[in-house]
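Trainee: Sending over a structure as structure tokens; questions will come in a sec.
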Amino acid sequence: MKTSLLVIFTVLLGLNVEAQRSRNRNMNNIPQSNREPTEQEIAKREREMEERKEEYIDNFLTTLEADDFQKHIIKQNILSFFDEKMAIFKTQYEHSLDRKEAIKNLEDTHFVELEELISEPDMVKIKEMIKGEFDEKDVKKKKKRERKNQN
């Protein structure tokens, strides 16, 4: 009697442990995509990224005090800056320090011509933006408030 009770208890315990193990194995499986993205998907993604970049820059330009002509020139410079930065990221470097140095050089030299054209506060904002310190959420909130006030 004791042995049969012990055997039943051991079997039930073993089945319980095995069920928990198999459940954990299934949870750890991350679904993997088994196909490469199509040309259409790649083109769509690139188009979405371009539109998002334009929207980001337009939102940034609304924070500047410059006139329309200056904003147009600033926008062209920012777009060329991002294109050159992407070219740096796509270029193979022997060391990551070389890439960081190239980016720092780009950040320091790319907007030199603009310093004479625009005001000092606008230049400070541009420097903050290229370092990633521009918070787009504040601009979106201000736009939303303005739309509400107009209604």
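The values are calculated or read from the model by the stated rules, or taken from the named source; none is laboratory data. Predicted model only: the values in this text are computed from it and were never measured. No Cβ is skipped: glycine too gets one built from the backbone with ideal geometry, and neighbour counts run over all protein chains shown.
Trainee: Could you please find all residues in the stretch 14-70 being of a type in the set (Phe, Trp, Tyr) and either at pLDDT below 75 or touching a strand residue (DSSP E or B) at 6+ places or on another chain (Cβ under 9 Å) (or both)?
Mentor: The answer is none; no residue qualifies.
Trainee: Would you point out which residue out of 148, 137, 127, 104 is outside any loop (DSSP other than H, G, I, E, B), without any contact (Cβ under 8 Å) to a residue 24 or more places away in the chain, under 19 Å from the mean Cα position of the chain (by Cα) and over 20 Å from residue 52 (Cβ atoms)?
Mentor: 127
Trainee: Right, residue 81: of a type in the set (Phe, Trp, Tyr), more than 30 Å from residue 142 (Cα to Cα), at pLDDT 80 or above and part of a helix (DSSP H, G or I) or not?
Mentor: So residue 81 does not fit the description; no.
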